[in-house]
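Here the structure comes first, spelled out in structure tokens, and everything after it is commentary.
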Amino acid sequence: MRLYAVYAALKLDYSYADDSTEPDHHMADDHIRYDILAQEALRGVMRKVLAEVARTGLPGNHHFFITFLTGAPGVRISSRLRERYPEQMTIVIQFQYWDLKVTDAGFEVGLSFSDVPEKLEIPFSAVRGFYDPSVNFELEFDVKTENAEDEAAAPAPEPVAVVPEKKPETKKKAAEAEKKPAAAETGGKGADVVSLDAFRKK
């Protein structure tokens, strides 16, 4: 299932006594901004899911790939990660994460990259995609940036999945015993970088 933050326009039919009179079907300006309301509603779904996971942990085989723009306002990551991923990155919330906290505006989470623990703070407004491969559920969002015109002129970079390798001993979950996605196991040390499309069910 894939949902997009878009809205459908409604067409109204009118009846006229004089059949020779044609109604004006031109599209009116959207002063309500249904597109913005739809995005906010779908981000609310992501917020509610993450808040529940923060309280009770991941149920069953559920896990998330979250793609966000590293240069969006409010994003707080280390300079090391920002240098490595100057435009966007995809994090995996599955076996090895800790201190997941969710607010109305965004979330923060601890992950390990190449054995280096990192704290990431990500506003929901910076999230471009939310994907749960266990049930093939995906949300995609439009994220406005100051350099949107430059991005439109150049091909968008392939989203990458950053799979953390190590979690502090005190935070390990029983779910670590579950089988990890085979596509993420490339045999290299530290965080593996793979295409997000590799985890999508066909």
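So the values come out like this:
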| item | result |
| --- | --- |
| One residue from ARG76, ARG84, ARG43 being surrounded by fewer than 20 Cβ atoms within 10 Å (Cβ to Cβ) and within 14 Å of the chain's Cα centre (by Cα) | ARG43 |
| Evaluation of SER125 against (1) assigned to a strand (DSSP E or B); (2) under 24 Å from GLY44 (Cβ atoms) (one fails), failing number | (1) |
| Complete set of residues in segment 46-96 that are among the small types (Gly, Ala, Ser), over 18 Å from VAL143 (Cα atoms) and touching a residue at least 40 places away in the same chain (Cβ under 8 Å) | ALA51, ALA54, GLY57, GLY60, SER78 |
| ASP99 modelled with pLDDT of 90 or more, in a loop (DSSP other than H, G, I, E, B) and of a type outside the set (Phe, Trp, Tyr) | no |
| Unique match (being assigned to a strand (DSSP E or B) and either at pLDDT 90 or above or not aliphatic (A, V, I, L, M) (or both)) among GLU108, GLU151, GLU158, GLU83 | GLU108 |
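The values are calculated or read from the model by the stated rules, or taken from the named source; none is laboratory data. A quick note: this is a predicted structure, and the numbers were derived from the prediction, not measured. All Cβ positions, even for glycine, are placed from backbone atoms using ideal geometry, and neighbour counts span all protein chains on display.
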